[in-house]
1. What number of residues within segment B:132-172 are more than 14 Å from chain A (Cβ to nearest Cβ) and in contact with a Lys or Arg (Cβ under 8 Å, 6 or more places away or on another chain)?
2. Which members of segment B:38-77 meet the condition of being under 25 Å from A:R239 (Cβ atoms) and more than 14 Å from DNA strand C (Cβ to nearest atom)?
3. A:E59 - would you say it is within 14 Å of chain B (Cβ to nearest Cβ), within 16 Å of DNA strand D (Cβ to nearest atom) and either crowded, with 18+ Cβ neighbours inside 10 Å or in contact (Cβ under 8 Å) with a residue 40 or more places away in the chain (or both)?
4. For segment A:16-46, what are the residues that are touching a strand residue (DSSP E or B) at 6+ places or on another chain (Cβ under 7 Å) and outside any helix (DSSP H, G or I)?
5. Anything in segment A:223-239 that is modelled with pLDDT of 95 or more and out of contact with any Asp or Glu (no Cβ under 7 Å at 6 or more places or on another chain)? List them, or say none.
6. Based on this model, can you work out whether A:G41 counts as within 16 Å of DNA strand D (Cβ to nearest atom) and more than 14 Å from chain B (Cβ to nearest Cβ)?
7. Filter segment B:185-242 down to the residues that are among the β-branched types (V, I, T) and more than 9 Å from chain A (Cβ to nearest Cβ), then identify the one that is farthest from A:R233 (Cα to Cα).
8. Under 9 Å by Cβ, and 6 or more places apart or on different chains, what pairs join a residue from segment B:63-76 that is charged (D, E, K, R) with one that is surrounded by 11 or more Cβ atoms within 10 Å (Cβ to Cβ) and part of a loop (DSSP other than H, G, I, E, B)?
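The values are calculated or read from the model by the stated rules, or taken from the named source; none is laboratory data. The structure displayed is predicted, hence computed values, not measured ones. Counting neighbours? That spans all protein chains shown, and the Cβs are built from the backbone with ideal geometry, glycine included.
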2 protein chains.
Amino acid sequence: MKMLTKTHPTVPAYRRIQSEIQALIESGELKAGDTVRSERGLARTHGVSLMTARHALRELELDGLVERHRGSGTFVAPPKIHFNKLVSFSEQMSSRGLVAQSRVLNLRVGEREHDIAARLALAADSRLVKLERLRQANGQPFGLEVCYFSAEQFPRVRRARLERRSLFTMFEQEYGIAFAYADEEVDAVAADSRAAELLQVPKGAPVLRIRQVLYSADGKPITYTLALYRSDRHSLLVRRFR
Amino acid sequence: MKMLTKTHPTVPAYRRIQSEIQALIESGELKAGDTVRSERGLARTHGVSLMTARHALRELELDGLVERHRGSGTFVAPPKIHFNKLVSFSEQMSSRGLVAQSRVLNLRVGEREHDIAARLALAADSRLVKLERLRQANGQPFGLEVCYFSAEQFPRVRRARLERRSLFTMFEQEYGIAFAYADEEVDAVAADSRAAELLQVPKGAPVLRIRQVLYSADGKPITYTLALYRSDRHSLLVRRFR
DNA sequence: AAGTGGTCTAGACCACGGC
DNA sequence: CCGTGGTCTAGACCACTTC
């Protein structure tokens, strides 16, 4: 019944313990397979009860950072490969050791396209920003992306910035929007003549089409993107469960 | 300090409480938005401590079955739409209101294909079962699937059964294998003449190619499937997070 | 046997929500 | 104000793994 020793916003004790261990793992001081201090050890040195120390380790387990084995201990989990993870184009490229580049082909403000507005849960005649970019990896054309979003809600778009920063970053920094998830519809289509030329493939070549709606943390659709990828340079990885 | 009142395998108290509430939800007795009994209420009627009742509700929350709100209570969560879920062909079809059919084009035992054996973590010269099926929906050709698995581990394959039961079911019933997840690599290719004929599309038409490795619950790869789908009749839905 | 995680108790105080 | 979930205590016994 003490409940003292806190800065006012009262970070729970189990959170502090959890963060401390998480920091050790993220800094590399604890590597995959290393044993993590036991419940009893943590309880003693942090001056908390067993249940509280246990809570901290349980949360780390739920986050996938540690594995717990009855009778033997708690261990740093092997780094997870993130499947079905939402990443920006540049993150995607750099994780494969490629240099990402983007060329803005078109940037128009004020487009009206009913079907796309509908997908973004906007009024049918809403003004949209339409941004068309050619994605390149190591200087080679890779994909063609056309992205739409509300011109009213997001008026500050500057072409120059988009050449360097991702749209992703722009939305986060300029508008404080945190993206949470994206729904993608994937199929195969034949490249039309314009796409073929830009992607440098024969007209009619099969390309991967991805139509994506990106949602913010509060569940609102923010952008709609139609993308065509050269199939020889891009394939999609999906993990399905259960 | 009692710890009595148990059948021998000792189902933990929090699990019993959890199962009981889960049953109420699954049977429809509790519907989305309904309030679930409080920690204190459950503790009293189940004769357990608050921490134990709390544990039960916490697990239900982690399973996504309930939402908890401090100060107001615990509520049945709205039913979740399962994204990136592993389902059989027939489940996939019936969820769209279509009738699934399968025609076995080929069933060969004893194939040796080094690259595929490698993907299944088998010795390079392992004997494989190769099963080729034409998938149809409402009588229309839909996709072409070639599936491989170890002939040594799974010798009991009967053509007749595969026309009706899914491979999925066969593995589960005959070998007690529970599938856990699948990794899929998706791209777009042009239909070769055989695929074009079977799928009734022009030669060279873009088709969606999915190469899938299916894993059992213990993380072992069980089957490798190469599938081609008519793009006009099938598109893949993926949800990506974060 | 010693140490670990898993379950559990019988309380407590707190912050928050709705009345 | 009262009921709710969130955090926490100072213990306990059990099942399991390692030595």
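1. Of the residues in segment B:132-172, 16 are more than 14 Å from chain A (Cβ to nearest Cβ) and in contact with a Lys or Arg (Cβ under 8 Å, 6 or more places away or on another chain).
2. Selection gives B:E61, B:D63, B:G64, B:L65, B:A77.
3. It is true that A:E59 is within 14 Å of chain B (Cβ to nearest Cβ), within 16 Å of DNA strand D (Cβ to nearest atom) and either crowded, with 18+ Cβ neighbours inside 10 Å or in contact (Cβ under 8 Å) with a residue 40 or more places away in the chain (or both).
4. Scanning segment A:16-46 gives A:L30, A:K31, A:A32, A:G33, A:D34, A:T35, A:V36, A:S38.
5. A:T223, A:Y224, A:L226, A:L228, A:Y229, A:R230
6. yes
7. My answer is B:I222.
8. What qualifies is B:E67/B:A77; B:E67/B:P78.
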